[in-house]
1. THR55 versus (1) within 30 Å of LYS141 (Cα to Cα); (2) polar (S, T, N, Q); (3) assigned by TED's automatic domain parsing to the domain that holds ALA191: which is the lone unmet condition?
2. Are any residues in segment 162-211 among the small types (Gly, Ala, Ser) and out of contact with any helix residue (DSSP H, G or I) (no Cβ under 6 Å at 6 or more places or on another chain), and if so, which ones?
3. Is there a residue in segment 126-137 that is in a helix (DSSP H, G or I), out of contact with any helix residue (DSSP H, G or I) (no Cβ under 6 Å at 6 or more places or on another chain) and surrounded by fewer than 19 Cβ atoms within 10 Å (Cβ to Cβ)?
4. Out of curiosity, is ILE257 crowded, with 20+ Cβ neighbours inside 10 Å and at pLDDT 95 or above?
5. Within the group SER122, SER110, SER51, which residue is touching a residue at least 12 places away in the same chain (Cβ under 8 Å) and out of contact with any Pro (no Cβ under 6 Å at 6 or more places or on another chain)?
6. Check CYS41 against each of (1) hydrophobic (A, V, I, L, M, F, W, C); (2) touching a Ser or Thr at 6+ places or on another chain (Cβ under 8 Å); (3) touching a residue at least 60 places away in the same chain (Cβ under 8 Å) and name the one condition it does not meet.
7. Between a residue in segment 1-18 that is farther than 11 Å from CYS41 by Cβ and any residue that is of a type in the set (Asp, Glu) and at pLDDT below 90, which pairs come within a Cβ distance under 9 Å, given they are 6 or more apart or on different chains?
Amino acid sequence: MAKPEIVASLDMGSGKVTCILAAHDPDAGKVRIISGATAPCKGLKGGVVVSIPETAKAVAMAMEEAEEKSGEVIREVLMGVRGTHISTYNNRGAYNIARTDREITADDVSSVIENAKAIPISNDRDILHVVPQGFSLDRQKGVPNPVGMEGSLLEVGVHIVTVSNSHINNLTRAVAQAGFRVVDTVYSLLALGEVVVSPEEKDLGCLLIDIGDQSVSIGSYYEGSIRFSRELGIGGYHITRDIAYALHTSMSAAQAIKEGHGAALSSLVDDEGTIGVVGLDGRNKREIKPRELLDYVQPRVEEIYGKINDSLQNCNYAFPGGAVLTGGGSLLRGMPEAAEQVLELRQSRLGHPRPDFVDGPPEYLTPEYTTAVAIACYPFIKPWPGDAGSGGAASVGGLFRRVKRVLQNMI
């Protein structure tokens, strides 16, 4: 049996770079995680490059560690992007079937999607994805895949993702400077939705919240498709900074305090005991009560969820399926419960890669790696019913050609 080829993904996040090496196991019908690594990055801020050399150094560090763990040599990567430079829109398109047989073909589906993506955008932006939300045939809604059916008027609703081409080019240059070639770029939120949100949650209506270090990605699903998405310029970093400023300590010490003692809700705070705080000079250690730490953490958590709630005022969907939380910021104790309270949801949970789809060492199935895992899985996911992909690949070259063809069909 031929050795499965490796897919490498890069999550260009907020203040760090995370990579995953994975391969498809057709016998098990799963994507198997082989190795991964993460590296701090001073060259990224909110998913945007502020220093190409620093970003390249972080990419090289993460990729080399993952290569060393796996014994593989990687040349090409899938790159996931996020950040406030991303804008999304919903639009509709229509296409008349003039042929006498009126049978809908894959070319007709491509044509109606092409019509739907005809939106005015500035020269400094590119369309990254056009995701069909559902088709209508002769005004009949709810058609998942019209190919092979008969009709005169084909319509589609789409979710369009646009990006700043300069930001994407800077990310690509940083990856190239590290010695790797970007073969495709993926909006991280879309990949996450396919890996951590169940089909039942998507059908019922749910909210996906990815809390990064300096940005939050939100996506709304209903009737099986994404209906709304938004990027917010706030995240876990802002909680850490508040702690550092209030306690006059370093960011690294504040991060450790947040991870070890932080909580989003007062009901989770123990009134007993104390928390040691080291001054900026590395000395002058003092003690604070856990309740005092809550005073610095809780207002920022409420602000994060408040901004999410404000953004959802433009989203005309309910969320009976609750919320799915991912990202490092979701690990703060009480974040799911805080989401339920502030967003008035009946339930929320932490999102993990679906076990029926992803397999691998537990260390790579944690929120820290979930986005990179989702990006690595993206080539094997059928982004919409018209995807003719087989769900696997015999070679990495064939895999990436297939991914490129699928994405080209989507946009």
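The values are calculated or read from the model by the stated rules, or taken from the named source; none is laboratory data. Note that this is a predicted model, so its numbers are computed, not measured. Every residue, glycine among them, receives a Cβ derived from its backbone with ideal geometry; neighbour counts consider all protein chains shown.
1. With (1) within 30 Å of LYS141 (Cα to Cα); (2) polar (S, T, N, Q); (3) assigned by TED's automatic domain parsing to the domain that holds ALA191 applied to THR55, the lone miss is (1).
2. Residues satisfying the conditions are SER164, SER166, ALA176, GLY179, GLY193, SER198, GLY205.
3. So far as segment 126-137 goes, no, none of its residues is in a helix (DSSP H, G or I), out of contact with any helix residue (DSSP H, G or I) (no Cβ under 6 Å at 6 or more places or on another chain) and surrounded by fewer than 19 Cβ atoms within 10 Å (Cβ to Cβ).
4. no
5. Testing whether each residue is touching a residue at least 12 places away in the same chain (Cβ under 8 Å) and out of contact with any Pro (no Cβ under 6 Å at 6 or more places or on another chain) leaves just SER110.
6. Unmet condition: (3).
7. Listed by first residue and then by second, the contacts come to PRO4/ASP25.
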